[in-house]
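Input: a single structure, listed below in structure tokens.
The values are calculated or read from the model by the stated rules, or taken from the named source; none is laboratory data. These figures come from a predicted structure and were not determined experimentally. Cβ placement follows ideal geometry from the backbone for every residue including glycine, while neighbour counts extend to all protein chains displayed.
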Amino acid sequence: MSLETRRLKALHDYAILDTPPHPAFDSLTATAALALDAPIALISLIDAERQWFKSVIGLELTETPRAMSFCEHATEGEGTLAVRDARDDPRFAGNPLVTGAPFIRAYAGAPLIDSEGFGLGALCVIDTRPRDFSARDMDILSHLAEAAMIAVTSHRLSGALQRTRVILAERLAS
């Protein structure tokens, strides 16, 4: 089984894709946007063909094709990823989200790493103007990403608990 296949299995085991908004995640993206003075913040999860947003501030999108994902690059590296001006970065210069709306210029993202070491997505902030991100900014994002991963794990455990309750209720009823 390839590493990517195992990563996707881990992501799907969390049963969080395509779930409704949740205040725990929305609070984290709001905090990221406020702390880093960014107009856009999101928590994304990288599926096989798409980047899906569990929480988003400042965009009307709920997902993008994976090929357009900045967050995927954050999950592949060591630590956080900062891009001062996406127009100057060969990975992103031709990206439709850079050349067109929302005209992404700056990006800073920290990966959501599960207990097995898989990068499931990222918590990021995006700006429509070029900017530098400080070491403090990156530390803030890293801590918020850790909290987001705790929320993802809590979602998984809550689902498992609910399934156990249903099984027990069915056994008690019979």
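Against the definition (assigned to a helix (DSSP H, G or I), modelled with pLDDT under 95 and within 20 Å of Arg131 (Cβ to Cβ)), how does Ala67 come out, yes or no?
no
If I ask for residues that are touching a residue at least 24 places away in the same chain (Cβ under 8 Å) and surrounded by fewer than 18 Cβ atoms within 10 Å (Cβ to Cβ), which ones from segment 116-137 would you list?
Let us first name the residues in segment 116-137 that are touching a residue at least 24 places away in the same chain (Cβ under 8 Å), namely 116, 118-133, 137.
Passing the criteria: Glu116, Thr128, Arg129, Pro130, Asp132.
Report the residue count in segment 1-52 for those that are more than 16 Å from Leu141 (Cβ to Cβ), of a type in the set (A, V, I, L, M, F, W, C), outside any helix (DSSP H, G or I) and touching a helix residue (DSSP H, G or I) at 6+ places or on another chain (Cβ under 9 Å).
Of the residues in that region, 7 qualify.
Answer yes or no as to whether Ser115 is touching a helix residue (DSSP H, G or I) at 6+ places or on another chain (Cβ under 9 Å) and among the polar types (S, T, N, Q). Please lay out each step first, then the result.
Details: touching a helix residue (DSSP H, G or I) at 6+ places or on another chain (Cβ under 9 Å): yes; among the polar types (S, T, N, Q): yes.
Criteria met by Ser115.
Please verify whether segment 83-92 includes one or more residues that are crowded, with 18+ Cβ neighbours inside 10 Å, over 23 Å from Ala15 (Cα atoms) and in contact with a helix residue (DSSP H, G or I) (Cβ under 7 Å, 6 or more places away or on another chain).
Yes: one or more hits.
Phe103: modelled with pLDDT of 95 or more, on the phi > 0 side of the Ramachandran plot and among the hydrophobic types (A, V, I, L, M, F, W, C), yes or no?
yes
Is it the case, given these coordinates, that Arg7 is in contact (Cβ under 8 Å) with a residue 24 or more places away in the chain and either among the aliphatic types (A, V, I, L, M) or surrounded by 12 or more Cβ atoms within 10 Å (Cβ to Cβ) (or both)? Before the answer, list the steps.
On the way: in contact (Cβ under 8 Å) with a residue 24 or more places away in the chain: yes; either among the aliphatic types (A, V, I, L, M) or surrounded by 12 or more Cβ atoms within 10 Å (Cβ to Cβ) (or both): yes.
When the stated conditions are applied, Arg7 passes them.
Is it the case that some residue within segment 51-63 is buried (at least 21 other Cβ atoms within 10 Å of the Cβ), free of Cβ contacts under 8 Å to residues at least 12 places away in the same chain and closer than 17 Å to Phe25 by Cα?
Yes, that holds for at least one residue.
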